[in-house]
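Engineer: The following block contains the structure, expressed as structure tokens.
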Amino acid sequence: EAQVTQNPRYLITVTGKKLTVTCSQNMNHEYMSWYRQDPGLGLRQIYYSMNVEVTDKGDVPEGYKVSRKEKRNFPLILESPSPNQTSLYFCASAKQTGLNTEAFFGQGTRLTVV
Amino acid sequence: DAKTTQPTSMDCAEGRAANLPCNHSTISGNEYVYWYRQIHSQGPQYIIHGLKNNETNEMASLIITEDRKSSTLILPHATLRDTAVYYCIVRVVGTDKLIFGTGTRLQVFP
């Protein structure tokens, strides 16, 4: 089954403790992206990657890092999480940059930073 | 990227057609209109997209006005499982960035 898988689904952590949210897709998609969703603000893009070893900032990249060493994986790294990073996070993938193809989203990771 | 305007919420009776409007008056010639929906807090789900012609798939129909300044998503026979937030998005050809607004919360009632 074609899917985007995020782990963990739920995470509670403390301020300053590094964490990684994993994202994996099994569709051989070139494009992958991370969004965060906050009440009243909709989904906002954090980082995106157009291919292996190619990443770029989205609209709200501060406090986040990403890597794209393999086509299927696109982990989101919070080096020193803060309470304002408490949010619902979604990973997405799409077949190829520039084509009008649909994006597939993961089921989300609800992160709470205390 | 063009901005979109959608009603905050709508109701629809089960079995009836749900017509969800979207205004995108500043849309450019190379921007596509996409519709996604989000059920509860799950990941957004693609529904349909189009440039200037009307489109139909197994989920819905998309009607785009001739001047492309607005569009309507039609769910022909709404079911309770169609209750969700529906997002209308315009996307520039050549990019994969999706700019989500606050969407329309559709409530389908029995």
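Engineer: Provide a single number: the residues in segment B:3-18 that are open to solvent by 10 Å² or more (accessible area, probe 1.4 Å) and closer than 27 Å to residue A:106 by Cβ.
Structural biologist: Residues flagged as open to solvent by 10 Å² or more (accessible area, probe 1.4 Å) and closer than 27 Å to residue A:106 by Cβ within segment B:3-18 amount to 5.
Engineer: Right, residue B:90: within 21 Å of residue A:47 (Cα to Cα) and within 14 Å of another protein chain (Cβ to nearest Cβ) or not?
Structural biologist: Values: within 21 Å of residue A:47 (Cα to Cα): yes; within 14 Å of another protein chain (Cβ to nearest Cβ): yes.
Here the answer is yes, as residue B:90 does meet what is asked.
Engineer: Among (1) more than 9 Å from every other protein chain (Cβ to nearest Cβ); (2) closer than 30 Å to residue B:51 by Cβ; (3) not aliphatic (A, V, I, L, M), which single condition is residue A:65 missing?
Structural biologist: Going through the list (1) more than 9 Å from every other protein chain (Cβ to nearest Cβ); (2) closer than 30 Å to residue B:51 by Cβ; (3) not aliphatic (A, V, I, L, M), residue A:65 breaks only (2).
Engineer: Go over the candidates B:21, B:76 one by one and state the one that is surrounded by 14 or more Cβ atoms within 10 Å (Cβ to Cβ), away from every other protein chain (no Cβ under 14 Å), out of contact with any His (no Cβ under 8 Å at 6 or more places or on another chain) and touching a residue at least 12 places away in the same chain (Cβ under 8 Å). Don't jump to the end; show me each part of the working.
Structural biologist: Numbers: B:76 fails: surrounded by 14 or more Cβ atoms within 10 Å (Cβ to Cβ).
Answer to the check: B:21.
Engineer: State yes or no: is residue B:61 more than 14 Å from chain A (Cβ to nearest Cβ), over 15 Å from residue B:4 (Cβ atoms) and open to solvent by less than 50 Å² (accessible area, probe 1.4 Å)? Break it down stepwise before answering.
Structural biologist: Values: more than 14 Å from chain A (Cβ to nearest Cβ): yes; over 15 Å from residue B:4 (Cβ atoms): yes; open to solvent by less than 50 Å² (accessible area, probe 1.4 Å): yes.
Criteria met by residue B:61.
Engineer: With the requirement that a residue be of a type outside the set (S, T, N, Q), surrounded by 14 or more Cβ atoms within 10 Å (Cβ to Cβ), at pLDDT 95 or above and touching a Leu at 6+ places or on another chain (Cβ under 8 Å), what does segment B:89-110 give you?
Structural biologist: Within segment B:89-110, B:106, B:108 qualify.
Engineer: Is it true that some residue in segment A:61-69 is among the hydrophobic types (A, V, I, L, M, F, W, C) and closer than 22 Å to residue B:42 by Cα? Break it down stepwise before answering.
Structural biologist: Quick first cut of segment A:61-69, residues among the hydrophobic types (A, V, I, L, M, F, W, C) only: A:66.
Remaining after also requiring closer than 22 Å to residue B:42 by Cα: none.
Within segment A:61-69, not a single residue is among the hydrophobic types (A, V, I, L, M, F, W, C) and closer than 22 Å to residue B:42 by Cα.
Engineer: Would you pick out the residues in segment B:26-43 that are outside any strand (DSSP E or B) and open to solvent by less than 70 Å² (accessible area, probe 1.4 Å)? Let's see the steps before the verdict.
Structural biologist: Narrowing segment B:26-43 to residues outside any strand (DSSP E or B): B:26-30, B:39-43.
Answer for segment B:26-43, where residues must be outside any strand (DSSP E or B) and open to solvent by less than 70 Å² (accessible area, probe 1.4 Å): B:27, B:28, B:29, B:39, B:41, B:43.
Engineer: If you check residue A:13 against the conditions, is it open to solvent by 10 Å² or more (accessible area, probe 1.4 Å) and in contact with a Lys or Arg (Cβ under 8 Å, 6 or more places away or on another chain)?
Structural biologist: Here the answer is no, as residue A:13 does not meet what is asked.
The values are calculated or read from the model by the stated rules, or taken from the named source; none is laboratory data. Note that this is a predicted model, so its numbers are computed, not measured. A quick note on method: Cβ atoms are made from the backbone with ideal geometry, for glycine too, and the neighbour counts reach across all protein chains shown. Surface areas here come from the heavy atoms of the whole protein model, side chains and all, with no ligands, DNA or RNA. Shrake-Rupley method; radii C 1.70, N 1.55, O 1.52, S 1.80 Å.
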